[in-house]
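The values are calculated or read from the model by the stated rules, or taken from the named source; none is laboratory data. It should be emphasised that the depicted structure is a prediction, and the values quoted were computed from it without experimental measurement. Surface areas here come from the heavy atoms of the whole protein model, side chains and all, with no ligands, DNA or RNA. Shrake-Rupley method; radii C 1.70, N 1.55, O 1.52, S 1.80 Å.
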Amino acid sequence: MHGSLSDQSLIYLQIAQMLEDDILRGVYREEEQVPSTNELAREYGINPATATKGINLLVTDGVLYKRRGIGMFVAPGAMAAVKEKRRKALGEQYLLPLLREAKSLGLGKEELLAMVKDAIEHEGGTTV
């Protein structure tokens, strides 16, 4: 698993997000085993119960599933599920507040779209 823990959010949420990130990057593919809660606890110096809480979030979301006596595995369709979850969060956490702010500034649709296009070009590409 890749990444490091920070003080920015709850540790179990960070564990879940790092596993999601690795699934999106193809580090863990469908039907592949992910690190156990004990492995995660050792790697990050956390309580195994904290790692379990992060894993359980992904089980609830249908991203991981348990093979009894073997461990946790990436569920079929996990990548699509993670992408859909993050698309929804992108809209709720970033786009809606952006639109509210644009409205309060009196920006029109075309002006806002031009700002988005400029930001994309500034980031070095035609797509994000």
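Remark: relative contact order (the chain) = 20 percent; criterion is Cα-Cα distance under 8 angstrom and separation of 6 or more residues.
Apolar share of the accessible surface for the range 44-123: 58 percent from carbon plus sulfur atoms, 1.4 Å probe. Counting only protein heavy atoms and a 1.4 Å probe, the chain has 69 square angstrom of accessible area per residue. Averaging 1/r across all pairs of distinct Cα atoms in the chain and inverting the result yields a Kirkwood radius of 16.8 Å.
Where only DSSP H runs of four or more residues are counted, the chain gives -17000 deg cm²/dmol as its mean residue ellipticity at 222 nm, each run worth -39500 (n - 2.57). For the chain, the number of Lys pairs separated by eight or more positions or lying on different chains, with C-alpha atoms closer than 19 Å, is 4.
Give me, ordered by chain and number, the residues 5 or more places off residue 64 or on other chains with an amide H under 5 Å from its own placed amide H. Result for residue 64 returns 59, 75.
Per-residue extension of 0.36 nm, minus the Cα-Cα distance of residue 87 and residue 105, leaves a gain of 3.9 nm for this segment. Applying the Karplus relation 6.51 cos²θ - 1.76 cosθ + 1.60 with θ = phi - 60° to the range 57-63 yields 3J(HN,Hα) values of 4, 6, 5, 4, 7, x, 8 Hz, where x marks Gly and Pro. Cα-based radius of gyration for the range 1-67, normalised by 2.2 N^0.38 Å, reads 1.01.
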